[in-house]
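For reference, the structure is listed below as structure tokens.
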Amino acid sequence: MQGRSFIVASVLAIAAGPAPADNGPPKGDPQAARSKISMCIGCHGIPGYRTTFPDVYPVPKLGGQHPEYIVRALQSYKSGERSHPTMRGIAESLSEQDMADLAAYYGTAR
């Protein structure tokens, strides 16, 4: 009887198919980001720009940053781990794919 149970379990496992592969984070597409950067260039596209809400913050240059850093920063703004209100509002509207695309774009830009 144990042999029959093993066979039935094996058949069910095979019928269910392979478990979906975890491909990790989405791969960024710098070309796709071209339609998404408008929300970034208003501040990050101005050399030496500083925001004044709610405090004065120097705005970093994004071109040439490591893509992994950009994704992590955006995730931190989205989760509230980082507290800049404007960045949080923007990050909350981004999908993981959007973040990867923006990171790929700015990672190759200078």
Q | the stretch 39-66, subset of a type in the set (V, I, T) and touching a Lys or Arg at 6+ places or on another chain (Cβ under 9 Å), residue farthest from Y106 (Cα to Cα) | A | V56
(Q) Please go through the stretch 59-84 and give me each residue that is open to solvent by less than 50 Å² (accessible area, probe 1.4 Å) and not in a helix (DSSP H, G or I), ordered by number. (A) V59, L62, G63, G64, G80, H84
**Q.** Residue list for the stretch 85-110, filter: part of a loop (DSSP other than H, G, I, E, B) and open to solvent by 20 Å² or more (accessible area, probe 1.4 Å)
**A.** S93, S95, A109, R110
Q. If we scan the stretch 37-58, do we find a residue that is in contact with a helix residue (DSSP H, G or I) (Cβ under 6 Å, 6 or more places away or on another chain) and crowded, with 17+ Cβ neighbours inside 10 Å?
A. no
Q: Test R50 against the criterion of being under 17 Å from the mean Cα position of the chain (by Cα) and of a type in the set (D, E, K, R), and give yes or no.
A: no
Q | Yes/no for D22 being at negative phi, out of contact with any Gly (no Cβ under 7 Å at 6 or more places or on another chain) and at pLDDT 95 or above | A | no
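The values are calculated or read from the model by the stated rules, or taken from the named source; none is laboratory data. Source: prediction; values computed, not measured. Here the Cβ is made from the backbone with ideal geometry for all residues, glycine too, and neighbour counts use every protein chain on show. For accessibility, only protein heavy atoms count, side chains too; no ligands or nucleic acids. Shrake-Rupley method; radii C 1.70, N 1.55, O 1.52, S 1.80 Å.
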